1. Every residue in the stretch 179-202 that is at pLDDT 85 or above, open to solvent by less than 80 Å² (accessible area, probe 1.4 Å), within 16 Å of the chain's Cα centre (by Cα) and of a type outside the set (G, A, S), please.
2. Within the stretch 70-80, is there a residue that is out of contact with any strand residue (DSSP E or B) (no Cβ under 8 Å at 6 or more places or on another chain) and closer than 19 Å to A115 by Cα?
3. Just to be sure, is R129 part of a helix (DSSP H, G or I), surrounded by fewer than 21 Cβ atoms within 10 Å (Cβ to Cβ) and at pLDDT 70 or above?
4. Tell me, which strands (runs of 3 or more DSSP E) wholly within the stretch 1-115 include 1 or more residues that are open to solvent by 70 Å² or more (accessible area, probe 1.4 Å) and in contact (Cβ under 8 Å) with a residue 24 or more places away in the chain?
Amino acid sequence: MTVKVVLLDDEKLVRKGIRMILHAEPDIEVVAEGDDGSVAVDLVARHRPDVVLTDIQMPRVGGLEVARQLTALPDPPVVAVLTTFDVDEFVYAALRHGAAGFLLKDTSPRELADAVRVLARGEAMLSPRITTKLLSVFATSAAASRARSRMAELTAREREVAVAVAQGHSNSRIATDLSMSQSTVKVHLSRIMTKLDAANRTQVALITHDAGPI
C-alpha cells in the first residue's frame with residue numbers, strides 16, 4: 001500500500017529535496033505540496049493523505065496551527081512537524097495539539113522515509129536526538145500535576161503499557177515484554193488514550209513523561 005504524503009514548507013528547495021527523497025521510495029508518494037499552512041485543510045480534503053509533513057515556521061500559518069486544524073478534522077491524517085531547531089517551544093505546543101511526529105530537517109534520507117512509514121502506521125516518531133531534551137525543557141510543574149492526575153485513572157496494566165509507549169516501544173515489543181497479544185496492546189492503548197484524553201501515542205508519551213516516575 002502506498003503512503004500518501006502532503007508536504008508543507010515555505011522553502012522551495014527544501015520541498016524539492018524532501019520530495020525527491022520520498023519519491024525514490026516505491027511505497028511513498030508526495031501527492032501535494034504547499035508553501036504555507038493556510039492551504040493545509042484544502043489539500044487534505046482534496047488528496048486524503050496518510051501523513052502531512054509541515055514546517056513549524058511559515059509566513060502566514062505555521063505548523064502549530066496546521067496541527068490544530070488538521071487533528072480537529074473528523075478523519076485526520078497523521079501530522080508531523082519538520083524543523084531545523086533542536087528544541088522549540090512551538091514544536092512542543094504542536095505535539096500538544098496532536099502532531100504525532102517531530103523530525104529535524106537534517107534527518108538522513110533513509111531515516112526520513114522510515115519515519116513516514118512509522119507515522120502512517122499510527123505510531124509516534126520523534127527525532128531521537130532531541131526527544132529527551134524536548135520533554136524535559138518544557139515540562140512544567142503544572143503540566144506534571146495534571147499528568148499525574150490523569151495517570152491516576154489508569155489501571156496498573158495500563159500504566160505499564162503507557163510507560164512502554166513513552167519509552168518508544170512498538171506494539172510488538174510491548175506485547176513481547178508484557179506477555180500479551182498485540183490485539184490486547186491495542187485495546188489497552190485505546191482505553192489509555194480515552195482516559196488520558198490523548199489523541200495519539202505521542203500525547204500518551206508526553207503525559208507519561210510529564211507525570212514523572214510511576
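1. L189, M193, N200, R201
2. Of the stretch 70-80, the ones out of contact with any strand residue (DSSP E or B) (no Cβ under 8 Å at 6 or more places or on another chain) are 72-76.
Subset that is closer than 19 Å to A115 by Cα: 76.
Scanning the stretch 70-80, I find at least one residue that is out of contact with any strand residue (DSSP E or B) (no Cβ under 8 Å at 6 or more places or on another chain) and closer than 19 Å to A115 by Cα, so the answer is yes.
3. Details: part of a helix (DSSP H, G or I): yes; surrounded by fewer than 21 Cβ atoms within 10 Å (Cβ to Cβ): yes; at pLDDT 70 or above: no.
For R129, the condition - part of a helix (DSSP H, G or I), surrounded by fewer than 21 Cβ atoms within 10 Å (Cβ to Cβ) and at pLDDT 70 or above - is not met.
4. Details: elements: 3-8, 28-34, 51-55, 78-83, 101-104.
Qualifying strands (runs of 3 or more DSSP E): 28-34.
The values are calculated or read from the model by the stated rules, or taken from the named source; none is laboratory data. Being a predicted model, the structure only gives us computed values, none of them experimental. FYI the Cβ positions are ideal-geometry reconstructions off the backbone, even for glycines, and counts take in every protein chain you see. Note: accessible area is taken over every heavy atom of the protein model, side chains too, but ligands, DNA and RNA are not part of it. Shrake-Rupley method; radii C 1.70, N 1.55, O 1.52, S 1.80 Å.
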